[in-house]
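Undergrad: Please find one structure pasted underneath; my questions will follow.
The values are calculated or read from the model by the stated rules, or taken from the named source; none is laboratory data. As the structure is a prediction and not an experimental result, all values here were calculated from the model. For neighbour counting, all protein chains shown are included, and Cβ atoms are generated from backbone atoms with ideal geometry for every residue, glycine included.
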Amino acid sequence: MTSTHKHPKAINANSASPFVKLRSINIGDCRWTEGFWAEKFKLAEEVMVPHMGSLLKGDIGHAYNNFKIAAGLMDGEAKGMLWHDGDFYKWMEACLYIYAINKDEKILAELDEIIDVIGKAQEDDGYLHTHVQINKSGRWRVITDHELYNSGHLIQGALIHYRVTGKTNWLDLAIKHADYLYTVFEPREERLCRFGFNPSQIMALVELYRTTENKKYLQLADIFVSMRGTASMDLHETVPYWFTGDQIQNKTPLREEVQAVGHAVTGMYLWSGAADVYAETGDKEIIEALDRIWDSATNRKMYVTGALGQCHHGAYDDKNMIHEGFIDDYLMPNSTAYNETCANISNAMFNWRLLGIKGESKYADVMETVLYNSAMVGISEDGKHYFYANPLRFNHGQREYSDHCDCTESPDREPYIECFCCPPNLVRTIAKVSGWAYSLSDNGVAVNIFGGNKLDTQLLDGSPIKLTQRTNYPWEGSVSITIDECKKEAFEVLLRIPAWADSAKVAINGKDAGVDVKPGEFVTLSREWAAGDTISLELPMSIDLIEGHPRIEEVRNQVAIKRGPVVYAVESPDLPEGTGILDVHLCADKPLVAEHKADFLGGVTVVKGTAMLRPNETNSMYRKVKKPNYKTIEAQFVPYYAWSNRGTAEMTVFMPVLWSC
């Protein structure tokens with residue numbers, strides 16, 4: 001397998017993509033050394049990935065059993081959701097990001113054994129979907145069988161395996177499967193135009209093209225983009241009635257779309273794939289549509305935590321239900337927000353691609369918001385329990401969860417969720433974040449995500465670049481980047497200044513850098529560098545009160561607390577016994593103080609301040625207004641991602657605000 005890419009081992013191997021401004025580093029070029037991400041990666045290595053593997057390979061998860069049954073190696077029935085193959089591939093992918101760093105050969109030996117079983121399960125013509133094969137239910141029957149979703153994760157996992165190990169045993173299976181998909185979908189049969197629900201295959205096919213340089217895979221990816229919205233979804237044999245309309249972004253051709261609509265995960269997967277297609281083709285209509293969609297999702301439908309998917313059930317477009325998805329602009333419920341972990345992660349995936357295409361800092365800002373808030377909340381401090389839905393408020397007794405047998409909505413993180421798409425998606429994201437930390441410009445390096453690490457890579461001209469980043473971000477705002485090795489000629493370091501960071505300062509070797517530092521933009525430091533040169537970034541970690549747009553009725557006269565990139569919440573374990581979360585009012589005229597607690601919730605910085613409690617004295621839906629009898633308390637606020645690690649609790653991000661206490 002040959003490639004002209006300068007960085008063929010990247011997560012997104014876009015270094016030869018013609019319509020990209022920032023290009024990816026190879027997997028393993030950046031390694032966490034200290035601080036937040038080093039700690040999370042270590043937990044992923046030692047707990048998250050092995051523990052999840054024990055679930056998926058055993059009878060609880062049953063995912064590996066499905067492959068063995070399909071391969072004829074054991075008897076049994078298909079279990080888990082129809083997309084469970086994809087869940088298993090994502091876990092395998094997470095294993096590979098761990099291996100890329102620790103080089104533990106036992107990981108590869110285990111994966112080789114699994115790949116051998118997957119190969120035995122694959123049909124001679126390349127088809128692979130264990131539920132369909134075991135149940136003999138028939139191929140391409142209904143879009144909700146998730147055949148193409150599983151395909152995408154099969155191919156993507158195989159590509160990461162090849163890029164990390166150089167071995168082709170999994171890649172051979174993926175190519176065989178992709179070739180089969182080409183024979184099925186290249187003719188663009190009208191009946192099959194409806195397929196592609198939850199379309200992870202588009203991203204994967206573009207990556208397969210980038211590795212093999214076989215243009216038919218890019219062609220097929222573009223076909224999947226172009227088929228969207230070209231066939232009626234109404235009352236068709238392949239489409240269940242609840243998946244018609246905007247639900248799967250198939251009512252309007254993608255190039256004509258004007259807003260973020262439908263199921264949040266399927267939308268973000270589709271738009272991420274379309275972004276990859278644009279990176280190779282430069283299709284102007286695609287990028288213009290993606291710009292409109294990004295603006296809609298980010299500026300009118302995204303939560304302060306970076307979460308997406310305002311509702312679970314009950315919303316409608318002009319005639320059809322919207323499930324787990326986007327609804328009206330500024331309609332942002334807190335306690336009933338769905339905010340599926342996968343949707344939040346896919347928001348970061350979409351913005352990662354736009355960051356490469358556009359080279360603009362605002363996309364990395366969204367990625368950062370997701371990573372420290374709406375993604376990380378999906379897993380517990382111990383790395384063994386999971387959230388699927390992530391509301392911004394939880395009240396005891398408000399919702400009945402007992403009928404949600406798949407545990408997608410739960411008052412506590414669950415040890416296993418029958419619908420298991422989110423946990424492996426989050427764990428593979430934690431394992432691969434180092435691959436997002438830096439990008440390469442035409443003549444330099446961009447710093448996207450802060451964290452203690454070492455970078456050892458090559459610039460696009462082939463010259464070596466080695467950096468050491470030291471920081472205790474996000475708990476502290478000081479970032480130091482030392483040049484350890486570089487070329488003699490001038491090159492640039494692009495340093496992201498987060499949009500929240502007013503009055504940030506940049507110095508080189510202790511002296512002001514003499515550049516214009518603007519929040520929400522990259523600052524460009526261009527010069528002849530030498531080993532030992534040090535860039536210092538000071539981000540003022542003020543504690544800010546965040547209010548919503550006036551049209552967000554759910555948070556009128558309420559505020560959230562944010563320090564740096566981290567959103568905070570008040571949780572009932574930190575309140576007097578018997579206090580309801582809705583009793584809490586924040587005193588905005590009292591100081592808020594940050595305090596780091598190394599032995600609390602895995603090591604976090606909390607915010608302390610003053611709150612007023614207004615007990616609910618009646619159960620009446622409405623009541624006459626009278627002067628409240630407030631009680632003053634000293635309150636503690638914890639990072640939103642860390643809530644629900646101390647037993648079943650109430651929680652809220654937004655609180656009513658009092659400006660005179």
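Undergrad: Just to be sure before I move on: is Ala71 touching a Leu at 6+ places or on another chain (Cβ under 6 Å) and among the hydrophobic types (A, V, I, L, M, F, W, C) in the structure I sent?
TA: It is false that Ala71 is touching a Leu at 6+ places or on another chain (Cβ under 6 Å) and among the hydrophobic types (A, V, I, L, M, F, W, C).
Undergrad: Could you run through region 407-454 and say how many residues are touching a residue at least 24 places away in the same chain (Cβ under 8 Å) and farther than 30 Å from Cys486 by Cα?
TA: Count: 20.
Undergrad: Still on this structure: Looking only at residues in region 507-524 that are without any contact (Cβ under 8 Å) to a residue 24 or more places away in the chain and in a strand (DSSP E or B), which one is surrounded by the most Cβ atoms within 10 Å (Cβ to Cβ)?
TA: Asp512
Undergrad: Could you list, in sequence order, the residues of region 342-375 that are within 18 Å of Leu494 (Cα to Cα) and aromatic (Phe, Trp, Tyr)?
TA: Correct list: Trp352, Tyr363.
Undergrad: In region 134-146, is there at least one residue being touching a Leu at 6+ places or on another chain (Cβ under 6 Å) and part of a helix (DSSP H, G or I)?
TA: Yes, there is a match, as at least one residue in region 134-146 is touching a Leu at 6+ places or on another chain (Cβ under 6 Å) and part of a helix (DSSP H, G or I).
Rundown of residues vs (1) surrounded by 15 or more Cβ atoms within 10 Å (Cβ to Cβ); (2) closer than 30 Å to Gly444 by Cβ, yes/no style:
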site: Ala530; (1), (2): no, yes
site: Gly564; (1), (2): yes, yes
site: Pro573; (1), (2): yes, no
site: Ile581; (1), (2): yes, no
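Undergrad: Condition first: surrounded by 20 or more Cβ atoms within 10 Å (Cβ to Cβ) and either assigned to a strand (DSSP E or B) or among the β-branched types (Val, Ile, Thr) (or both). Now tell me which residues in region 445-456 satisfy that.
TA: Of everything in region 445-456, those that are surrounded by 20 or more Cβ atoms within 10 Å (Cβ to Cβ) and either assigned to a strand (DSSP E or B) or among the β-branched types (Val, Ile, Thr) (or both) turn out to be Val445, Ala446, Val447, Ile449, Gly452, Asn453, Leu455.
Undergrad: Scan Met52, Met81, Met92 and give me the residue that is assigned to a loop (DSSP other than H, G, I, E, B) and closer than 30 Å to Gln122 by Cα.
TA: Met81
Undergrad: Right, here's the next one. Checking His7 against (1) more than 24 Å from Ile379 (Cα to Cα); (2) surrounded by fewer than 22 Cβ atoms within 10 Å (Cβ to Cβ); (3) not hydrophobic (A, V, I, L, M, F, W, C), which test does it fail?
TA: Every condition holds for His7 apart from (2).
Undergrad: Glu485 fails exactly one of the following numbered conditions: (1) buried (at least 17 other Cβ atoms within 10 Å of the Cβ); (2) under 28 Å from Ile357 (Cα atoms); (3) more than 22 Å from the chain's Cα centre (by Cα); (4) not β-branched (Val, Ile, Thr). What is the number of that condition?
TA: Among (1) buried (at least 17 other Cβ atoms within 10 Å of the Cβ); (2) under 28 Å from Ile357 (Cα atoms); (3) more than 22 Å from the chain's Cα centre (by Cα); (4) not β-branched (Val, Ile, Thr), the lone unmet condition for Glu485 is (1).
Undergrad: For the subset of region 610-630 comprising residues that are in contact (Cβ under 8 Å) with a residue 40 or more places away in the chain and outside any loop (DSSP other than H, G, I, E, B), which member is surrounded by the fewest Cβ atoms within 10 Å (Cβ to Cβ)?
TA: It comes out as Thr610.
Undergrad: From the residues in region 470-493 that are assigned to a strand (DSSP E or B), of a type outside the set (Asp, Glu) and without any contact (Cβ under 8 Å) to a residue 60 or more places away in the chain, which one is nearest to Tyr568 (Cα to Cα)?
TA: Filtering first and then ranking leaves Ser480.
Undergrad: In region 588-606, what residues are more than 26 Å from the chain's Cα centre (by Cα) and surrounded by 15 or more Cβ atoms within 10 Å (Cβ to Cβ)?
TA: Of everything in region 588-606, those that are more than 26 Å from the chain's Cα centre (by Cα) and surrounded by 15 or more Cβ atoms within 10 Å (Cβ to Cβ) turn out to be Ala588, Lys590, Leu592, Ala594.
Undergrad: Hey, does region 121-143 have a residue that's buried (at least 19 other Cβ atoms within 10 Å of the Cβ), farther than 28 Å from Gly267 by Cα and out of contact with any Asp or Glu (no Cβ under 8 Å at 6 or more places or on another chain)?
TA: The answer is yes; a qualifying residue exists.
Undergrad: Of these, Met349, Met367, Met332, Met268, which one is outside the structural domain of Gly548 (by TED's automatic domain parsing) and not in a helix (DSSP H, G or I)?
TA: Met332 is the lone residue from the list that is outside the structural domain of Gly548 (by TED's automatic domain parsing) and not in a helix (DSSP H, G or I).
Undergrad: Determine which single condition Gly76 fails, assuming it passes every other condition in (1) surrounded by fewer than 19 Cβ atoms within 10 Å (Cβ to Cβ); (2) under 30 Å from Leu459 (Cα atoms); (3) of a type outside the set (D, E, K, R).
TA: (2)
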